[in-house]
There are 2 protein chains.
Amino acid sequence: MRAVFQQSLSELQDRLTLMAELVEASIGEATTAFGNSDAELAENVIERSEEIDALSLSLDELAFDILLRQSPVASDLRLVVASLRMSAELERMSDLAEHIAELARYRYPDSAIPKGLRKTFTRMGALDVEMAEAVVRLLREQDPAIIIEIRDLEDDLDKLHAKVFTKMLSDKVNADALGLVDATLASRYHERFGDHAVGVAKQMQFFFSGEIA
Amino acid sequence: MRAVFQQSLSELQDRLTLMAELVEASIGEATTAFGNSDAELAENVIERSEEIDALSLSLDELAFDILLRQSPVASDLRLVVASLRMSAELERMSDLAEHIAELARYRYPDSAIPKGLRKTFTRMGALDVEMAEAVVRLLREQDPAIIIEIRDLEDDLDKLHAKVFTKMLSDKVNADALGLVDATLASRYHERFGDHAVGVAKQMQFFFSGEIA
């Protein structure tokens, strides 16, 4: 019985890590698609999103099953509860990567990014990818130091998000209505992606310490 | 022991309903503040957001405590798991109401809404308020018919969201960069608010049927 229990918990962690790896692949491809107006790469992200949704569902079912059959306590219970929430955060990260990819696809072969903002978006995309990579590492290595790393990356991301708006409202970016709408949405998607990475980090903090944040 | 258990579950439901009622108050005030450029009302929403965050935290702690001490099964377990997720959905709805209120406050005494979009945003706001009210009723009456009602409202909301973009990109709305950015964000916030109302509805569906959606 104990062995079955341990196996379920480790299966839960495996599914979570796999989800995070798929999200990392998606945000990587989404930012490349967005930067290079690559419609094919964007299509990959959109397709992978379904796979991630299915994985999230299977993870939730497993977590519920563990609660029902095993009545875990202490750090095991924290892991299961945190997993239920992390699966929601990761699913949302996948949705946001999909939204970024869709912006690239809608405007293909044009670019969704107004001139004067390309460099800022390249950096935002790189930060999102870095955050996704840190989330995978956090789940795999369970090192609390990675939580601080993720929070620092979010600070940088927020600064770039603010910069996009400052630039759009200055004379430096001469964008039409479509360019302004796309850039507003894209910046918001990038920023929200980072927020959800922090959401995962908070759940791992809860798993480590028992503190609900 | 059984009496304590039933009392905890009913306390959990009370906190959830209270959270939903506060969210309903916030979105009501946020849409009025947004429509009428009322900075004072916007301030209310921003302050209430902290109260909702604290309530969400207390709800999560109670849910975790029930899992730890009572090891609920069947529909009781579904209620606790669903509550953990609904508290996250409601907290997010509160954040979005706050974002809408902030848009009103930043632009005060000007309006954040470009001319030509006011009617559409008034309708979006009214739909958000209606969805929040339906969420309160769903939690209180536990009538599955309200889930369908919420989904229908979301369809209407999505149509208005699309309409905002069509109008912004046509000649009908003669907005400057700030107006376009604000309207893009506002439309997105309204639409996401509705998505999270559907998120609550899905969790209640899970509670009723055991089906994870």
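Compute the label-point distances linking A:Val73 to its equivalents in the other copies; points lie 7 Å from Cα along Cα→Cβ; give nm, one decimal, shortest first.
Going from nearest to farthest copy, the values are 1.8 nm.
Once the label point is placed 7 Å from Cα along Cβ, list for B:Asp53 the distances to the corresponding points in the other copies, in nm, shortest first.
Spacings between copies for this position, smallest first, are 3.2 nm.
How crowded by other chains is A:59-69, given as the mean number of beta carbons from other chains within 10 Å of each beta carbon?
Working: counts 1, 5, 1, 0, 2, 6, 0, 0, 8, 7, 1.
Average per residue, whole number: 3.
Given +1 on the Cβ of Lys and Arg, -1 on the Cβ of Asp and Glu, and no further charges, what dipole in debye does the protein assembly as shown carry about its Cα centre, rounded to the nearest 20?
Values: 46 positive and 78 negative charges, 104 e Å.
About 500 debye.
For the pair A:Tyr108/A:Ala145, report the inter-label distance in nm, with labels modelled 7 Å from Cα in the Cβ direction.
4.2
Using Cα pairs under 8 angstrom and six or more residues apart, how large is the relative contact order of region A:2-209, in percent? Walk me through the numbers before you get to the answer.
Details: 287 pairs, mean separation 60.7, N = 208.
Relative contact order for region A:2-209 comes out at 29 percent.
Find the centroid of the Cα atoms in region B:62-131 and in region A:112-146, then give the distance between the two in whole Å.
27
Based on the alpha-carbon set only, what is the convex hull volume of chain B divided per residue, in Å³?
Taking only Cα atoms, chain B has a hull volume of 102 Å³ per residue.
Whole number please: convex hull volume per residue of the Cα set in region A:82-143, in Å³? Spell out each step's value before the answer.
On the way: hull volume 5.3 nm³, N = 62.
With only Cα atoms used, region A:82-143 gives 86 Å³ per residue.
Do the alpha carbons of any pairs in A:Lys115/A:Lys159; A:Lys167/B:Lys159; A:Lys167/A:Lys202; A:Lys115/B:Lys167; A:Lys159/B:Lys202; A:Lys159/A:Lys202 sit beyond 26 Å of each other, and which pairs? Please list the in-between numbers first.
Numbers: A:Lys115/A:Lys159 19 Å; A:Lys167/B:Lys159 30 Å; A:Lys167/A:Lys202 32 Å; A:Lys115/B:Lys167 24 Å; A:Lys159/B:Lys202 35 Å; A:Lys159/A:Lys202 21 Å.
Pairs exceeding 26 Å: A:Lys167/B:Lys159; A:Lys167/A:Lys202; A:Lys159/B:Lys202.
Please give me the summed charge of the neighbours of A:Glu43: other residues whose Cβ is under 11 Å from its Cβ, Lys and Arg +1, Asp and Glu -1.
Working: positive: A:Arg48, A:Arg105; negative: A:Glu29, A:Asp38, A:Glu40, A:Glu47, A:Glu98, A:Glu102.
Summing Lys/Arg as +1 and Asp/Glu as -1 gives -4.
For the pair B:Glu51/B:Gln13, report the inter-label distance in nm, with labels modelled 7 Å from Cα in the Cβ direction.
A separation of 2.4 nm, rounded to one decimal place.
By its C-alpha gyration tensor, with a ≥ b ≥ c as the square roots of the eigenvalues, how is the protein assembly as shown shaped: rounded for a/c under 1.5, else prolate for a/b larger than b/c, else oblate? Don't skip to the end; give the middle numbers.
Working: a/c = 1.98, a/b = 1.32, b/c = 1.51.
Oblate, since a/c reaches 1.5 and b/c is not below a/b.
Between the label point of B:Leu169 and that of the same position in each other copy, find the distances and list them shortest first in nm, with every label point placed 7 Å from Cα along the Cα-to-C-beta direction.
Those separations, rounded to one decimal, come out as 2.5 nm.
Would you mind working out the magnitude of the charge dipole of region A:97-140 relative to its Cα centre, with +1 at each Lys and Arg C-beta and -1 at each Asp and Glu C-beta, to the nearest 20 Debye? List each step's numbers first, then the result.
On the way: 8 positive and 6 negative charges, 41 e Å.
Dipole magnitude for region A:97-140 comes out near 200 debye.
Positive end of the charge dipole of the protein assembly as shown (Lys, Arg +1 and Asp, Glu -1 on Cβ, about the Cα centre): tell me which of A:Ala112, B:Leu12, A:Gln6 has its Cα farthest that way.
A:Ala112
Test of understanding: what is the full-extension gain from A:Arg123 to A:Glu40, defined as 0.36 nm times their sequence separation minus their Cα-Cα distance? If you can, show how the numbers build up before the last one.
Values: separation 83, 0.36 × 83 = 29.88 nm, distance 2.21 nm.
Between A:Arg123 and A:Glu40, full extension yields an extra 27.7 nm.
For the ranges B:121-127, A:35-41, A:195-201, B:97-103, what's the packing order if you count other beta-carbon atoms within 10 Å of each residue, average per peptide, and put the highest first?
On the way: B:121-127: 20.4, A:35-41: 15.4, A:195-201: 23.6, B:97-103: 25.1.
My ranking of the peptides, most packed first, is B:97-103, A:195-201, B:121-127, A:35-41.
Of the options A:Leu153, A:Leu55, A:Leu138, report the single residue whose Cα projects farthest towards the positive end of the charge dipole of the protein assembly as shown (beta-carbon charges: Lys, Arg +1; Asp, Glu -1).
Checking the options against the dipole of the protein assembly as shown, the answer is A:Leu153.
Count, for each residue of B:177-183, the Cβ atoms from other chains sitting within 10 Å of its Cβ, then give me the mean as a whole number.
Average neighbour count from other chains, rounded to a whole number: 6.
Along the positive direction of the dipole of region A:2-209 (beta-carbon charges: Lys, Arg +1; Asp, Glu -1; about the Cα centre), which of A:Phe165, A:Leu96, A:Gly35 reaches farthest?
A:Phe165
Just to verify a number: FRET efficiency for A:Glu61 and B:Asp158, C-beta to C-beta distance, R0 = 25 Å, to 0.05? Don't skip to the end; give the middle numbers.
Working: r = 28 Å, r/R0 = 1.13.
Plugging the Cβ-Cβ distance into 1/(1 + (r/R0)^6) gives 0.30.
With charges set only on the Cβ (+1 for Lys and Arg, -1 for Asp and Glu), what does the dipole of chain B come to about its Cα centre, in debye to the nearest 20? Working shown, then result.
Details: 23 positive and 39 negative charges, 125 e Å.
Using Cβ point charges on Lys, Arg, Asp and Glu, chain B gives about 600 debye.
Readers should treat all values here as calculations from the given coordinates under stated rules, not as data from a laboratory. As the structure is a computational prediction, the values presented were derived from the model and not from experiment. Note that we place each Cβ from the backbone using ideal geometry, even for glycine, and neighbour counts take in every protein chain shown.
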